[in-house]
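Visitor: The structure is given below, and queries will be raised subsequently.
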Amino acid sequence: MIRRFPAFRAIVTREVLRFVHQRERFLAALVRPLVWLLVFAAGFRAALGLSIIPPYETYITYETYITPGLCGMILLFNGMQTSLSLVYDREMGSMRLLLTAPLPRWFLLFSKLCGATFIGILQCYAFLVIAGLFGIDHPPLGYLTILPALILAGLMLGALGLAISSFIKQLENFAGVMNFVIFPMFFLSSALYPLWKMKESSELLYWICAVNPFTHAVELIRFALYVNLSPIALLWTLVAGGLFTALALWGYDPARGMIRKRG
Amino acid sequence: MLTVSDLSFSYGAKQALDGVSFTARPGRFTALLGPNGAGKSTLYALLTRLFTTPTGQITVAGHDLAQAPRQALAAMGVVFQQPTLDLDLTIRQNLSYFAALHGLSGRDAAVRIDAALDRLAIRDRAGEKARALNGGHRRRTELARALIHRPKVLLCDEPTVGLDAQARAAITDHVHDLAEDGLTVLWATHLTDEVRPGDDLLLLHHGRLRAEGRTEELTGGQPLKDWFLSRTDVQVEAGT
């Protein structure tokens, strides 16, 4: 019986080392949400009036509103980056090394997913610290209670990336994923505006937002940041995470996986 | 021992392997010779369980790859055609990563990794990034890595691609030595000078096994290159 923990640790460590080596990625991951927070939000705060909705108990600034959404964005980008690196691994051959390890394939993929989620969570915390320096702070306990929410949201979005990677034939097709996954998921969610605002302008868009798993990931994070729990968001995140995981395992199944065509 | 029986595989309508059966024995260097497109890479993908096929059977050191995939994979060392070192990691980190994938860690892994580095005479360079190694050394590192978990069967999929003549000869000699020490070796290639007269030979062409036996007995004194070309119509194809 092959011991699993050393393999798990090695796969996670490799993901972290890889992230640290890619300085541009590290920088971009931090700068992207900060630009949204400090530039976009500053412009929009005057245009958007927010009423008091749970979990908030007082009026809040727009910057405060979008902070959980930007944590979600970090995890979403991170999930897609993972997907990209998996496709890259497959083209380069290191995926073969991983998949020929004498361990169950689901375990190898799950380890990879955990590594990616861990990196996403580090980025979220770095972002929250910097946001705090700019005066956007939260209940101190919220920094702790947000952790399980980040883990679940990170795993769900990572599983989505994993599933997508199993269906992308080549690295070149990746730009399409950005356009058709990241942007619709992000903009058709509660990350930038509350859903009731969306409902005012379009009922249809409201419903799309309401079923978008990313909305629920963001709400899970938002409530957790205020030491609160949204059971509906939790349920949606778990169900979506389960579905994406099943899809990823199906995509990587050796009996029918797409690896067969590309090697 | 590696046993393959009645293995077939097709990509949609295109038959890539058709009823392939052979045995690679311990202590023998078995060369799988075939022109490009013969089905070698498909065979290796099936042998390493990158994907599976419902027809045929593969047994590695007594373990059925379909029934007991983990035991079979644990008994197998693989050198892939594509480079699989992480160039941004150090040589030692690359070897540790692989050892951990096989459940090895701590002192046990360190001892084996040091032994592998000593065999390559690059222990003093273990802290360097893999990127600093030349092509020949990278391949040798991959070979040493494939042996860390002490497999019984070594699969090499055209491991000399892209290497100069000297590095090619060094690796080919090294793997012949490993076979003499008792390892089961399956070595895919399309280069006849990597095969010795005493090696076992499998000729794969258009997805079917065309010849199987001891190289010198199959060729009957004819240079292997001529024999290979005459059996695979490569000359005819090249001339048209």
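Visitor: Once the convex hull of the C-alpha atoms of the range B:84-150 is built, how many Å³ does it hold per residue, rounded to a whole number?
Guide: Considering the Cα atoms of the range B:84-150, their hull volume per residue is 74 Å³.
Visitor: May I ask for the Kirkwood hydrodynamic radius of chain B, worked out over all distinct Cα pairs and given in angstroms to one decimal? Don't skip to the end; give the middle numbers.
Guide: Values: mean 1/r = 0.0538 Å⁻¹.
After inverting the mean inverse Cα-Cα distance, the result is 18.6 Å.
Visitor: Nearest 100 Å² is fine: how much accessible area is buried between B and A, summed over both sides, with a 1.4 Å probe?
Guide: Rounded to the nearest hundred, the buried surface is 2900 Å².
Visitor: With the full set of protein chains in place, find how many percent of the accessible area of chain B is carbon and sulfur; take the probe as 1.4 Å.
Guide: Reported share for carbon and sulfur atoms: 48 percent.
Visitor: Follow-up question, since we're still on this one. Ranked by accessible surface with a 1.4 Å probe, highest first, in what order do B:TRP187, A:TRP207, A:TRP236 come?
Guide: I get A:TRP207, A:TRP236, B:TRP187, largest accessible area first.
Visitor: Right, another one. Quick check: with the 1.4 Å probe, what order do B:ASP88, B:ASP181, B:ASP199 take by accessible area, largest first?
Guide: Sorted descending by solvent-accessible area, the residues read B:ASP181, B:ASP88, B:ASP199.
Visitor: Any idea what angle helix A:62-92 forms with the longest principal axis of chain A, computed on alpha-carbon atoms, 0 to 90 degrees, nearest 10?
Guide: Approximately 10 degrees, to the nearest 10.
Visitor: Right, here's the next one. Let a ≥ b ≥ c be the square roots of the eigenvalues of the Cα gyration tensor of the protein assembly as shown; is it rounded (a/c under 1.5), or, if not, prolate (a/b larger than b/c) or oblate?
Guide: Since a/c reaches 1.5 and a/b is larger than b/c, the shape of the protein assembly as shown is classed as prolate.
Visitor: Further question on the same structure: Grab the alpha carbons of the range A:1-100, take their convex hull, and tell me the volume per residue in Å³.
Guide: 145 Å³
Visitor: Using the alpha-carbon atoms, what tilt in degrees (0 to 90, nearest 10) does helix A:213-225 show relative to the longest principal axis of chain A?
Guide: 60 degrees
Visitor: Another one. So, for chain B, what is the accessible surface per residue at a probe of 1.4 Å, expressed in square angstrom?
Guide: Value for chain B: 43 Å² per residue.
Visitor: Still on this structure, please answer the following. Among the listed pairs A:LYS169/B:LYS152; B:LYS129/B:LYS152; A:LYS169/B:LYS14; B:LYS40/B:LYS152; A:LYS169/B:LYS40; A:LYS112/B:LYS40, which are separated by more than 24 Å between their Cα atoms?
Guide: Too far apart for the 24 Å limit: A:LYS169/B:LYS152; B:LYS129/B:LYS152; A:LYS112/B:LYS40.
Visitor: Using every pair of alpha-carbon atoms in the range A:4-262, split the distances into 5 Å bins beginning at 0 and state the percent of pairs per bin, rounded to integers.
Guide: 1, 6, 13, 18, 19, 16, 12, 8, 5, 2, 1, 0
Visitor: What net charge do the residues around B:PHE22 carry, taking every other residue with its C-beta under 14 Å from that of B:PHE22, with Lys and Arg at +1 and Asp and Glu at -1?
Guide: Result for the local shell: +1.
Visitor: So how long is each side of the range B:60-99 along the principal axes, counting just the alpha-carbon atoms, biggest first, in Å?
Guide: Result, largest extent first: 37, 20, 13 Å.
Visitor: A further question follows. At q = 0.17 Å⁻¹, what log₁₀ I(q)/I(0) does a Debye calculation on the Cα points of the range A:169-218 give, no solvent, two decimals?
Guide: Evaluating at q = 0.17 Å⁻¹ gives log10 I(q)/I(0) of -0.52.
Visitor: Could you state how much accessible area A:TYR226 has, in square angstrom rounded to the nearest 10, with a 1.4 Å probe and all protein chains kept in place?
Guide: Per-residue accessible area (A:TYR226): approximately 50 Å².
The values are calculated or read from the model by the stated rules, or taken from the named source; none is laboratory data. Note that the coordinates shown come from a computational prediction; the quantities given were computed from them, not determined experimentally. All Cβ positions, even for glycine, are placed from backbone atoms using ideal geometry, and neighbour counts span all protein chains on display. For accessibility, only protein heavy atoms count, side chains too; no ligands or nucleic acids. Shrake-Rupley method; radii C 1.70, N 1.55, O 1.52, S 1.80 Å.
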